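Taking it in order: structure first as structure tokens, then the write-up.
The values are calculated or read from the model by the stated rules, or taken from the named source; none is laboratory data. A quick note: this is a predicted structure, and the numbers were derived from the prediction, not measured. Glycine gets a Cβ as well: all are built from the backbone with ideal geometry, and neighbour counts include every protein chain shown.
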Amino acid sequence: MIVIHADLFRTGAAEEAARTLAAVRAIPPIPGGPPVRTPGERELGRASIALRTASICRCSPYQFGDPDVFDVGRHPNRHLAFGHGAHFCIGAGLARLEAAVVFQTLLARYPDIRLAQAPPVRRPDITFRILSSLPVTVV
């Protein structure tokens, strides 16, 4: 059972949730880009076409120690949930603020909210991770 406490969102849980639950799964391929060396030391040349998967970036042991562990104290937490560089999400600041307000309000009204026994239902989509439902129990 997972219990969510409001103080977690002041410590880094929102950023860790963004890292582990990033909405974007795949980024369209870019053919003919400049040569790149992967973390596994493989070089992708100009003729390569690579499907960039954002979801695998959150699991990289090169970037995150114990990537499968949900660690609210992870520092630094340089996740790619909002993109990077020229493709950084212009709405990232607003999304972070909205998440903080939503969870603080939800937890203030329902301090004993818990995930229900029923599993979350995901909508099948190759590009985005979308929940159709997330059953909860309010005590």
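So the values come out like this:
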| quantity | calculated |
| --- | --- |
| Count of the stretch 101-134 residues which are out of contact with any strand residue (DSSP E or B) (no Cβ under 7 Å at 6 or more places or on another chain), exposed (fewer than 12 other Cβ atoms within 10 Å of the Cβ), outside any helix (DSSP H, G or I) and not polar (S, T, N, Q) | 5 |
| Residues within the stretch 107-120 that are out of contact with any helix residue (DSSP H, G or I) (no Cβ under 9 Å at 6 or more places or on another chain), within 14 Å of residue 134 (Cα to Cα) and not charged (D, E, K, R), tallied | 6 |
| The stretch 59-94, residues that are of a type in the set (A, V, I, L, M, F, W, C), out of contact with any helix residue (DSSP H, G or I) (no Cβ under 7 Å at 6 or more places or on another chain) and buried (at least 16 other Cβ atoms within 10 Å of the Cβ) | 64 |
| Condition met for residue 52 (under 27 Å from residue 124 (Cα atoms), surrounded by 10 or more Cβ atoms within 10 Å (Cβ to Cβ) and modelled with pLDDT under 60) | yes |
